[in-house]
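Notes follow the structure.
The values are calculated or read from the model by the stated rules, or taken from the named source; none is laboratory data. Because the structure is predicted, anything quoted here is derived from the model rather than measured. Glycine gets a Cβ as well: all are built from the backbone with ideal geometry, and neighbour counts include every protein chain shown. Only protein heavy atoms, including side chains, enter the accessible area calculation; ligands, DNA and RNA are left aside. Shrake-Rupley method; radii C 1.70, N 1.55, O 1.52, S 1.80 Å.
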Amino acid sequence: MTLPLGYAYATTYAGIRKTPKDDLALIVSGMPAQAAAVFTQNRVQAAPVRLCRRHLKLSKGLAGAILVNAGNANCATRTGDAVALVTCKAAAKLLKMPVAQVLPASTGVIGVELDPRKITDALPLLVQNLRTDGFEAAANAILTTDLVPKTAFAEVKLRRGTVRVAGMTKGSGMIQPLMATTLGFVLTDAQIPGATLRTMLKRGVERSYNRVSVDGDTSTNDTLALLANGASGVRPDPKELDKVEQGIASVMESLARAIARDGEGARKLITILVTGAANDDGAARMARSIANSPLVKTAVGGSDPNWGRILSAAGNAGVAFDPGKTDIHLQGVLVCRHGLAANYSEEELTTKLGGPECEIRLTVRGKGKGVARFWTCDLTEGYIQINGSYRT
């Protein structure tokens, strides 16, 4: 693990969670960073989402700190906007930076008032304890129902030197991104202009966070931020920007896969590849429909090679395609040829489906060039148990 230069991290237990586990994290850049972010498309949006948007606009895309709390979403409450603002002001004062350069984010239960003093009282010690090796602790502090922390890293060697990328994310449930998902923070020490950074984020989201679903629900708090502080002193040549973008996108893809793998109650990671649709958007819609089908997810959970559910889900996506020209592979085994059952050993395939990962490939034969890769997980009784007692 090689972290980007110029960032520091601190965490603490502020008493927001019911259990004594770190629930407040601070990420600080030693110099104002170029920043870009995408947010939930849910019509119900948490106060920190609204304020983060506003701060990015007021600061003209500069950020000096990210303040994150877990255990309370600060959403659908009477005091949410005031809480988000007063905590950002307190952090900005201690860090000696404009308040608009503090980006807030929250995750947890919706509809419960958040006492701002739990955060403001913890901030002085949090700032005092900032350290450059606190990345993993911050990744743990932002978790809710996650079973494991989710991090990813990359190094990109350029003509003038090496730049580094690090990402952390959280999420196990309420996952169906329509722009981003849950909370994610990706940091780099490359020198990247703001407009270029926004383009990199938009394209990276489409191939990563926008290609993952656990349960088809989009959160009220989804925030994915990308910061570039230039602390490496390395500015990529124009011809090297694609290489840097690939490094950032690879980190985001790793984070997205980790979310699907750690889906609430999940036992299996499912990778879906759709090819041959009329365009990439159509392929993505078909893949999303397959990923969100409870029938497909439970079949995989039960190691049942019920390919008819996959074909049906694809046909329910609202995308024109010819089922009679469609093939389906499960775990590399051809189970459906030209829309009809293929010859295969169900017993052998059932055994293959018992592993921790499942690959579904749907191919439409013809002239279509659309391609999409999507990640999801199986649906088990564990999902019901977790979400049936989430608040208690």
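Based on DSSP H assignment, which helices of the chain show an axial Cα extent of at least 20 Å together with a mean Kyte-Doolittle hydropathy greater than or equal to 1.0?
Values: long enough: 80-95 (23 Å, 1.18); 241-261 (30 Å, 0.25).
Qualifying helices, which must be both long enough and hydrophobic enough, are 80-95.
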Share of alpha-carbon pairs per 10 Å distance bin for region 1-143, given as whole %: 12, 45, 36, 6, 0
Enumerate the amide H contacts of Cys358 below 5 Å, restricted to partners 5 or more residues apart or on another chain; note that Pro and chain-start residues carry no placed amide H. Leu269, Ile270, Thr271
From the square roots a ≥ b ≥ c of the eigenvalues of the alpha-carbon gyration tensor of region 262-392, which class results: rounded (a/c under 1.5), prolate (a/b over b/c), or oblate? oblate
So the compactness index of region 1-68, its C-alpha Rg divided by 2.2 N^0.38 Å, takes the value 1.31
Residue by residue through region 351-362, the couplings from Karplus 6.51 cos²θ - 1.76 cosθ + 1.60 with θ = phi - 60°, in Hz, x for Gly and Pro, are 5, 5, 6, x, x, x, 9, 10, 10, 10, 10, 10
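Which links in Lys297/Lys369; Lys96/Lys118; Lys57/Lys118; Lys150/Lys170; Lys243/Lys369 stretch past 18 Å when you go from one Cα to the other? Don't skip to the end; give the middle numbers.
Numbers: Lys297/Lys369 27 Å; Lys96/Lys118 21 Å; Lys57/Lys118 28 Å; Lys150/Lys170 6 Å; Lys243/Lys369 25 Å.
Violating the 18 Å Cα-Cα cut-off are Lys297/Lys369; Lys96/Lys118; Lys57/Lys118; Lys243/Lys369.
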With every protein chain present, what is the per residue accessible area of the chain (1.4 Å probe, Å²)? 42
Just Pro177, Pro294, Pro104 to compare: in a GNM of the chain, with alpha carbon springs under 10 Å, which one fluctuates most? Pro294
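Eigenvalues of the Cα gyration tensor times 5, then square-rooted: what semi-axes does that give for the chain, in whole angstrom, largest first? Let's see the in-between values first.
Values: eigenvalues 294, 119, 60 Å².
Each semi-axis is the square root of five times an eigenvalue, giving 38, 24, 17 Å.
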Got a sec to turn the phi values of region 32-39 into Karplus ³J(HN,Hα) couplings, 6.51 cos²θ - 1.76 cosθ + 1.60 with θ = phi - 60°, whole Hz, x for Gly and Pro? x, 9, 5, 9, 9, 8, 10, 9
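Mean residue ellipticity at 222 nm from the helices of the chain, using -39,500 (n - 2.57) per DSSP H segment of n ≥ 4 over the full residue count, to the nearest 500 deg cm²/dmol?
Working: 12 runs with 124 residues, N = 392.
Result for the chain: -9500 deg cm²/dmol, rounded to the nearest 500.
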Among residues other than Thr182 whose Cβ falls under 13 Å from its Cβ, what is the net charge (Lys/Arg +1, Asp/Glu -1)? -4
Report the Cα centroid-to-centroid distance between region 68-110 and region 290-332 in angstrom, as an integer. 42
Proximal aspartates and glutamates relative to Lys202, as straight alpha-carbon distance under 20 Å, when same-chain residues fewer than 8 apart are discounted: Asp189, Asp222, Glu240, Asp242, Glu245, Glu253, Asp280, Asp281
